[in-house]
1. Are there any pairs, at least 6 apart or on different chains, whose C-beta atoms fall under 7 Å, with the first in the stretch 213-231 and farther than 16 Å from ASN193 by Cα and the second in a helix (DSSP H, G or I), and if so, which?
2. Condition first: in contact with a strand residue (DSSP E or B) (Cβ under 7 Å, 6 or more places away or on another chain), open to solvent by 10 Å² or more (accessible area, probe 1.4 Å) and under 24 Å from GLU235 (Cα atoms). Can you find one or more residues in the stretch 149-157 that meet it?
3. Scan the stretch 178-206 for residues that are in contact (Cβ under 8 Å) with a residue 24 or more places away in the chain and open to solvent by less than 70 Å² (accessible area, probe 1.4 Å) and report the count.
4. Quick check on SER3: is it open to solvent by 10 Å² or more (accessible area, probe 1.4 Å), in a loop (DSSP other than H, G, I, E, B), more than 24 Å from SER179 (Cα to Cα) and among the polar types (S, T, N, Q)?
5. Looking at the stretch 56-74, can you tell me whether even one residue there is assigned to a strand (DSSP E or B) and surrounded by fewer than 22 Cβ atoms within 10 Å (Cβ to Cβ)?
6. I want to confirm something. Restricting to the stretch 118-145 and keeping residues that are out of contact with any Ser or Thr (no Cβ under 7 Å at 6 or more places or on another chain), of a type outside the set (Val, Ile, Thr) and open to solvent by 20 Å² or more (accessible area, probe 1.4 Å), which single residue is nearest to PHE236 (Cα to Cα)?
7. Scan VAL230, VAL175 and give me the residue that is at pLDDT 95 or above, surrounded by 16 or more Cβ atoms within 10 Å (Cβ to Cβ) and in contact with a Pro (Cβ under 7 Å, 6 or more places away or on another chain).
8. Within the group SER105, SER92, SER100, which residue is within 13 Å of ALA149 (Cβ to Cβ), within 21 Å of the chain's Cα centre (by Cα) and free of Cβ contacts under 8 Å to residues at least 40 places away in the same chain?
Amino acid sequence: MESQFKDKVVVITGGAGYFGSCAVKRFLGLGAKVCAIDLSEDALASLPATSDCLKISGNVADLSSVNDAVARIMAAFGRIDFLWNNAGYQGSICPTLTYSIDDFSRVMNINVTGMFSVLQACAKVMQPGSAIVNTASVAGIKCTPAMVAYSASKAAVIAMTSCTAKDLAPSGIRVNAVSPALIGPGMMWDRQNELHAACESLYFANDPQTVAANKINGVPMKRLGSVEEVVDMVEFLFSQKSSYVTGSNMVVDGGMSSGLR
């Protein structure tokens with residue numbers, strides 16, 4: 001049976017990163033035309049070299065860069081059917097009283113204002129039946145210690161998702177969010193545990209391996225979620241099987257997923 005993504009156009013910001021590169025390959029394999037937008041030209045070069053994969057070096061925090069990217073996508077493919085609004089910046093991991101105001105502003109500018117800029121620019125050219133998925137985080141729900149800027153930004157993404165889902169529903173455009181929790185193994189998982197161990201917060205042990213073990217013990221299934229499981233959820237939220245879902249935040253945690261409205 002032919003894939004429902006055949007010849008559809010999927011835009012992925014942060015397209016050369018941890019989640020994005022996996023999604024680019026997934027949707028190309030499903031017959032879609034994919035546009036990967038990423039700040040790193042070098043990382044983009046590692047993505048598949050095919051006419052169905054448009055690679056754009058762009059900055060979501062720069063409105064002119066966002067508008068230029070959308071114009072290039074429309075010139076190349078003539079439409080945008082799906083957007084995974086995935087680019088983001090974790091920011092520093094340190095206690096609130098020592099957190100840099102400049103870094104706080106950078107996190108919010110990329111994760112909130114930048115995400116909204118991409119959502120708005122793409123939604124303006126989308127047709128009924130299109131769908132948008134924003135990357136939020138369990139940090140935006142549980143409010144992770146020593147990650148005040150990131151947690152605040154992802155809470156804002158969840159609120160943005162609910163609001164824009166209501167505004168865009170009359171246009172036939174669905175908007176949902178996916179909230180990854182503990183995802184690994186890999187470099188990002190290891191590095192985050194190292195940073196938590198070094199942040200001098202009473203909520204974390206000072207040994208990265210102990211930090212990792214304590215986190216996993218807090219998951220009911222006692223395991224990490226995978227990048228592929230996050231992409232599975234994005235694929236579902238784009239698909240016809242989820243045509244009834246909008247304004248939801250799907251949590252991916254240790255292999256379990258749930259929809260929060």
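The values are calculated or read from the model by the stated rules, or taken from the named source; none is laboratory data. Remember, predicted model here, so these are calculated numbers, not experimental data. Every residue, glycine as well, gets a Cβ built from its backbone with ideal geometry; the counts of neighbours run over all protein chains shown. Accessible surface is based on the protein model in full, side chains and every heavy atom, while ligands, DNA and RNA are left aside. Shrake-Rupley method; radii C 1.70, N 1.55, O 1.52, S 1.80 Å.
1. LYS222/ILE216; VAL227/CYS22; GLU228/CYS22; VAL231/CYS22; VAL231/ALA23; VAL231/ARG26
2. Keep residues of the stretch 149-157 that are in contact with a strand residue (DSSP E or B) (Cβ under 7 Å, 6 or more places away or on another chain), which gives 157.
Checking the rest, the ones that are also open to solvent by 10 Å² or more (accessible area, probe 1.4 Å) come to none.
For the stretch 149-157, residues in contact with a strand residue (DSSP E or B) (Cβ under 7 Å, 6 or more places away or on another chain), open to solvent by 10 Å² or more (accessible area, probe 1.4 Å) and under 24 Å from GLU235 (Cα atoms): absent.
3. 15
4. On the way: open to solvent by 10 Å² or more (accessible area, probe 1.4 Å): yes; in a loop (DSSP other than H, G, I, E, B): yes; more than 24 Å from SER179 (Cα to Cα): yes; among the polar types (S, T, N, Q): yes.
It is true that SER3 is open to solvent by 10 Å² or more (accessible area, probe 1.4 Å), in a loop (DSSP other than H, G, I, E, B), more than 24 Å from SER179 (Cα to Cα) and among the polar types (S, T, N, Q).
5. Taking the stretch 56-74 as the starting set, the residues that turn out to be assigned to a strand (DSSP E or B) are 56-57.
Among the residues that remain, those that are also surrounded by fewer than 22 Cβ atoms within 10 Å (Cβ to Cβ) are: 56-57.
Scanning the stretch 56-74, I find at least one residue that is assigned to a strand (DSSP E or B) and surrounded by fewer than 22 Cβ atoms within 10 Å (Cβ to Cβ), so the answer is yes.
6. Here is the first cut: in the stretch 118-145, the residues out of contact with any Ser or Thr (no Cβ under 7 Å at 6 or more places or on another chain) are 120-127, 129-133, 135, 142.
With of a type outside the set (Val, Ile, Thr) added as a condition, the list becomes 120-124, 126-127, 129-131, 142.
Keeping just the survivors that are open to solvent by 20 Å² or more (accessible area, probe 1.4 Å) gives 120, 124, 127, 129, 142.
Numbers: GLN120: 22, LYS124: 23, GLN127: 19, GLY129: 14, LYS142: 24 Å.
Filtering the stretch 118-145 for residues that are out of contact with any Ser or Thr (no Cβ under 7 Å at 6 or more places or on another chain), of a type outside the set (Val, Ile, Thr) and open to solvent by 20 Å² or more (accessible area, probe 1.4 Å), the one nearest to PHE236 (Cα to Cα) comes out as GLY129.
7. Details: VAL175 fails: in contact with a Pro (Cβ under 7 Å, 6 or more places away or on another chain).
Answer to the selection: VAL230.
8. Details: SER92 fails: free of Cβ contacts under 8 Å to residues at least 40 places away in the same chain; SER100 fails: within 21 Å of the chain's Cα centre (by Cα).
Selected residue: SER105, the only one of SER105, SER92, SER100 that is within 13 Å of ALA149 (Cβ to Cβ), within 21 Å of the chain's Cα centre (by Cα) and free of Cβ contacts under 8 Å to residues at least 40 places away in the same chain.
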